[in-house]
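Student: Next up is a structure, given as structure tokens.
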Amino acid sequence: MKILLISNMYPSKDFPSYGVFVKNTEQILLDNGVSVDKAVMTKRTGKLGKLVGYASHYLKIIASGLTKKYDYLYVHYASHNALPLLILKKLNKRVKIVTNVHGSDVVPEVPSQEKFQPRVKELLHRSHKIIAPSPYYKELVQEKYGVTTPIYIFPSGGVNFKLFYSFSTKEEAYKELNLNPKQRYIGCVSRIDVGKGWEFYLQAIAQLEAESLTDYKYIYVGSGKDEPKFKQMVQELNLADKIIHFPLLPQSSLAYVYNVIDAFVFPTIRKGESLGLVGLEAMACGAPVIGSRIGGLKDYIIDGQNGLFFEPGQAGELKEKLRLFMESSAEQKENMSSQAVKTAKLYSVDEISQQLPTIFFNEV
């Protein structure tokens, strides 16, 4: 079987975490004997760079689809790749498209993304198969677009337990991050962008610290368009001594972060949070997830067992859940950590590796 993998997000040396899950799905296909060609974009900066990048990307998709024979065209991100695929479909009706939807494909985060919705709908109706990252997202796609196209569930490349696991000794992790091994930490890994909930994380910390100084410090890993606002809020809330910010880390270094934190905070307010793979990666390292009761998080967080829920956007409730976790006994925390690892194993690459190739090999 031969597949053309299409994505406008793919990791590079300079941006190793950008679209890394796309590369992970590619590796799963290769490991199962599938031949894979690529029409992918790495991260571009500046308007001109993006314009040239997308023009070249679109032409490659159309040219490859017309001049080469593939069993399937497998696309990640419907919104930004729909146009060339719809053009290609008109020029060659025999091409079979498998569309893997994510995040803002179905739930636009900002008004500028709304313009893609007519093309997304058309592409999904013209696709041979659709892949959704979670049961929640499958239901959302069905309800919003009324598609009759078969929809399969595959959790965005799964959790790589060769990379994400609970270290037997944590010294290496503290050393790599230049952190104090005697200090206790809570962590969050997310882009600093609209809808990610970073402001509620900071507000909850400020409220908690104002009521009673804790012996915790708080890690935030990520960068984004709202980073200046993030830094300003840290100063305004007097959290400079409490927040440790890593603007950008490769995926390989995130395992160190997950191993030094007692719990992972996932404060998203996005209805388009299709799975939340970072939460599962944190769980694989033994960190329970204190997360918003929204999106794909509802499919794997079990309140009180492997994590805690709070209502999206409610900083006060997040503060209370942080307090509840911090005041839990060592035994309770250990039980939650153990359950978190068990949950993550259900999403391990080994556990799900056959799901993706099966979607392609099983004809409908």
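Student: What is the gain in length, in nm to one decimal, between ASP14 and GLU211 on full extension, counting 0.36 nm per residue of separation less the C-alpha to C-alpha distance?
Tutor: 66.7 nm
Student: Moving on to the next point. Ratio of the range 45-126's C-alpha Rg to 2.2 N^0.38 Å, to two decimals?
Tutor: Normalised Cα radius of gyration, the range 45-126: 1.11.
Student: Can you give the Rg to Rh ratio of the chain, both from alpha-carbon atoms, with Rh computed by the Kirkwood formula?
Tutor: Result for the chain is an Rg/Rh of 0.98.
Student: Restricting to DSSP H runs of at least four residues, report the calculated mean residue ellipticity at 222 nm for the chain, -39500 (n - 2.57) per run over all residues, nearest 500 deg cm²/dmol.
Tutor: That calculation yields -13000 deg cm²/dmol at 222 nm.
Student: Taking all protein chains in place and a 1.4 Å probe, what share, in percent, of the accessible surface of the range 1-47 do carbon and sulfur account for?
Tutor: 47 percent
Student: Report the calculated FRET efficiency for LYS115 and ASN238 (r = Cβ-Cβ distance, R0 = 51 Å), to the nearest 0.05.
Tutor: Efficiency, from the Cβ-Cβ distance: 0.80.
Student: Taking R0 as 22 Å, what FRET efficiency do you get between LEU248 and GLN183 from their Cβ-Cβ distance, rounded to the nearest 0.05?
Tutor: 0.50
Student: Let me ask something additional. Going by amide H atoms built from the backbone, whose H comes under 5 Å of the H on TYR347, apart from near neighbours?
Tutor: It is none; the list stays empty.
Student: Hey, what's the range 1-122 come to in accessible area per residue, 1.4 Å probe, Å²?
Tutor: 49 Å²
Student: Restricting to Cα pairs below 8 Å that are 6+ residues apart, what does the relative contact order work out to for the range 49-205? Please round to a whole percent.
Tutor: 16 percent
Student: Shifting gears a bit: What relative contact order, as a whole-number percentage, does the range 1-81 give when Cα pairs under 8 Å and 6 or more residues apart are counted?
Tutor: Averaging sequence separation for qualifying contacts and normalising by length gives 46 percent for the range 1-81.
Student: So, one more: Could you tell me what percent of the accessible area of the range 127-244 is made up of carbon and sulfur, with a 1.4 Å probe and every protein chain present?
Tutor: Carbon and sulfur: 49 percent of the exposed surface of the range 127-244.
Student: In debye, nearest 20: dipole of the range 320-364 around its Cα centre with unit charges on the Cβ of K, R (+) and D, E (-)?
Tutor: Once rounded to the nearest 20, the dipole reads 140 debye.
Student: Based on the Cβ-Cβ distance of GLU351 and LYS90, what FRET efficiency does E = 1/(1 + (r/R0)^6) give at R0 = 35 Å, to the nearest 0.05?
Tutor: 0.35
Student: With a cut-off of 8 Å between alpha carbons and a minimum separation of six or more residues, what is the relative contact order of the chain in percent?
Tutor: Computed value for the chain: 15 percent relative contact order.
Student: Moving on. Go through LYS23/LYS121; LYS2/LYS89; LYS321/LYS345; LYS68/LYS93; LYS50/LYS115; LYS170/LYS298 and tell me which ones have a Cα-Cα distance over 21 Å in this structure.
Tutor: Pairs exceeding the cut-off: LYS23/LYS121; LYS321/LYS345; LYS170/LYS298.
Student: Mind checking which of LEU140, SER127, ALA282 is farthest towards the positive end of the chain's charge dipole, using Cβ charges of +1 (Lys, Arg) and -1 (Asp, Glu) about the Cα centre?
Tutor: SER127
Student: Further question: Tell me, what are the semi-axes, in whole angstrom and largest first, of the equivalent ellipsoid of the range 197-316 as set by the roots of 5 times the Cα gyration tensor eigenvalues?
Tutor: 21, 17, 15
Student: Which one of LYS13, LYS342, LYS69 has the biggest mean-square fluctuation once the chain is modelled by GNM with Cα springs under 10 Å?
Tutor: Judging by the Gaussian network model, the answer is LYS13.
The values are calculated or read from the model by the stated rules, or taken from the named source; none is laboratory data. Just so it is clear, the structure is predicted and the values come from calculations on it, not from any experiment. A quick note on method: Cβ atoms are made from the backbone with ideal geometry, for glycine too, and the neighbour counts reach across all protein chains shown. For the accessible areas, the whole protein counts, side chains as well, though only heavy atoms, and no ligand, DNA or RNA atoms are used. Shrake-Rupley method; radii C 1.70, N 1.55, O 1.52, S 1.80 Å.
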